[in-house]
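Beneath this line is the structure, given in structure tokens, with notes to follow.
Derivation of every value follows stated rules applied to the coordinates shown; laboratory data play no part. Not measured: the values here are computed from a predicted model. Every residue, glycine as well, gets a Cβ built from its backbone with ideal geometry; the counts of neighbours run over all protein chains shown.
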Amino acid sequence: MRILLTNDDGIRAPGLAVLERIARQISDDIWIVAPAEEQSGAGHSLTLTEPLRLRRLDKRRYAVRGTPTDCVMMALGHVLRETPPDLILSGVNRGPNLAEDVTYSGTVSAAMEGTLAGIPSIALSQLMEDYKEGAEDFRAAETAAPDLIRGFAAGAWGKGVFLNINFPARANPKGTRVTEQGLRDYGNIHLIEETDPRGFPYYWFAYGHGLAEPAENSDLEAVADGYVSVSPLHLNLTEYDAMSRLKELIRRP
Ligand code: MN
């Protein structure tokens, strides 16, 4: 089985090395096409106004000066054009990709892109107690991911569907739950204002604390309870119930 690895934390990120170890337990045919620099928060963006630079680091390892979506497109359209992968794994992200964060996430968007191309794709993210450099703990992903991926790769989980897996911040997860995408209180992300050395203000997005009471069966609840969360997601954002209401409004302006 040919597996393509990518991420949004960049080609040098510890989580990508973790993902490579995970993938090598499943196959020897591993290819990596990952962003040259960190792209967290890049979402599903695509580079259209600059050239895409591709650097070959070794036979099966490439760095792209671009977004995670660029990486998947470069892999499928160029590096592996003749022999596409059977599976795409994105991560392991340093930090969660839960609830509405999936739309900001480069990690999840790489899996979206793979799915659009018709290739089974899985995003993997690891929650942590401590996000300081060097303190990152990917043990839950390392422990639980190989069997999960093997299991999912063995069967079809639905056309146009990709998996968003989040590992809880504990070395040994209590188990795995199939979950739905949750929703946080808006305003969880806030702005910090500081002053730069030249006296000008600058702003930086920062995360607040999670929900005290996450919804039942949500991804947020599963990881809060110490479980691995597996959410099947799809790219059709249509709210079908609203269609008939809108049609009514068009008829009766
Ligand atoms: Mn990231």
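Brief remarks follow.
- Most fluctuating residue given options Leu16, Leu116, Leu191, as computed from a GNM of the chain linking Cα atoms under 10 Å: Leu191
- Bridge type composition, the range 102-253 - antiparallel percent by DSSP, nearest 5: 60 percent
- Filtered GluC sites (Glu not before Pro), the range 1-65: DSSP coil and at most 15 other beta carbons within 10 Å: Glu37
- Rel. contact order, % - alpha carbon contacts under 8 angstrom, at least six apart, the range 107-253: 26 percent
- A Förster radius of 22 Å combined with the Cβ-Cβ distance from Ser45 to Arg198 puts the calculated FRET efficiency at roughly 0.15.
- Relative contact order of the chain, defined on C-alpha pairs under 8 angstrom at six or more residues apart (%): 17 percent
- Over the range 1-112, Cα pairs under 8 Å with separation of 6+ residues give a relative contact order of 38 percent.
- One chain, two ends: Leu57 and Arg251. Fully extended at 0.36 nm per residue, the span grows by 63.9 nm beyond their Cα-Cα distance.
- Within the range 30-132, the trypsin sites (Lys or Arg not before Pro) that combine a DSSP coil assignment with at most 16 other C-beta atoms in a 10 angstrom radius are Arg53, Lys59, Arg60, Arg65, Arg81, Lys132.
- Projected label distance in nm at Asp28 and Asp241, using a 7 Å step from Cα toward the beta-carbon: 5.3 nm
- Two-site label geometry, Asn217 and Glu129: point separation in nm, points 7 Å out along Cα→Cβ: 3.3 nm
- From its DSSP helices (H runs of at least four residues, each -39,500 (n - 2.57)), the chain gives a residue-normalised ellipticity at 222 nm of -7500 deg cm²/dmol.
- In plain terms, the chain from Glu37 to Arg65 could stretch by 9.4 nm, reckoned as 0.36 nm per residue minus the Cα-Cα distance.
- Label reach from Leu183 (point 7 Å along Cα→C-beta): in the range 237-252, amide nitrogens under 17 Å belong to 237-243.
- Taking a Cβ cut-off of under 14 Å around Gly66, the surrounding Lys, Arg, Asp and Glu residues balance to a net charge of -3, with basic ones at +1 and acidic ones at -1.
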